[in-house]
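Following: one structure in structure tokens, then a few remarks.
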């Protein structure tokens, strides 16, 4: 499974926001992935030194999460998600990573959940 940026943040800061089913899925997953894209997205709102982003990255590694690096195949996979072309580019690439790697993608973003892709899961249930 791959966590959307806000779910990654919740996991470390507000775990109660993650639903029981999603929490159980995270606990039982053989691997839980985060993307460096999520760290970059979070960095956009951080201070100049990236202090909070460094803490988030360290907490993710300490919790046993696995970094899913972005590669060319993930970028090319994004063509499957043309309906997201003029929206959040981070979301489009994160979903592309999950799709290419045959991972469930956990999010609370209603827009993404409404796309109807079975691999996009609601992190609030």
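A quick yes/no check of all residues on (1) crowded, with 19+ Cβ neighbours inside 10 Å; (2) touching a strand residue (DSSP E or B) at 6+ places or on another chain (Cβ under 9 Å); (3) more than 18 Å from residue 37 (Cα to Cα):
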| position | (1), (2), (3) |
| --- | --- |
| 76 | no, no, no |
| 80 | no, no, yes |
| 88 | no, no, no |
| 112 | yes, yes, no |
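Confirm whether residue 97 is exposed (fewer than 14 other Cβ atoms within 10 Å of the Cβ) and either outside any helix (DSSP H, G or I) or in contact (Cβ under 8 Å) with a residue 12 or more places away in the chain (or both). Step through it out loud before you land on a result.
Details: exposed (fewer than 14 other Cβ atoms within 10 Å of the Cβ): no; either outside any helix (DSSP H, G or I) or in contact (Cβ under 8 Å) with a residue 12 or more places away in the chain (or both): yes.
No: the conditions fail for residue 97.
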Here is a check on your reading of the model: is residue 69 part of a helix (DSSP H, G or I) and within 15 Å of the chain's Cα centre (by Cα)?
no
Any pair with Cβ under 7 angstrom, 6 or more apart, that starts in the range 111-125 at a residue that is over 17 Å from residue 100 (Cα atoms) and ends at one that is in a strand (DSSP E or B)
113/107; 113/120; 113/122; 123/106; 123/107
With criteria (1) surrounded by fewer than 19 Cβ atoms within 10 Å (Cβ to Cβ); (2) closer than 23 Å to residue 18 by Cβ, residue 65 comes up short on (1)
Among the residues of the range 10-58, the number that are touching a residue at least 24 places away in the same chain (Cβ under 8 Å), in a helix (DSSP H, G or I), out of contact with any helix residue (DSSP H, G or I) (no Cβ under 9 Å at 6 or more places or on another chain) and exposed (fewer than 15 other Cβ atoms within 10 Å of the Cβ) is 2
With at pLDDT below 95 and not in a loop (DSSP other than H, G, I, E, B) as the only criterion, which of 75, 61, 7 stands out?
75
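The values are calculated or read from the model by the stated rules, or taken from the named source; none is laboratory data. Just so you know, these numbers come straight off a predicted model, no measurement behind them. Cβ coordinates were reconstructed from backbone atoms using ideal geometry, including for glycine residues, and neighbour counts include every protein chain displayed.
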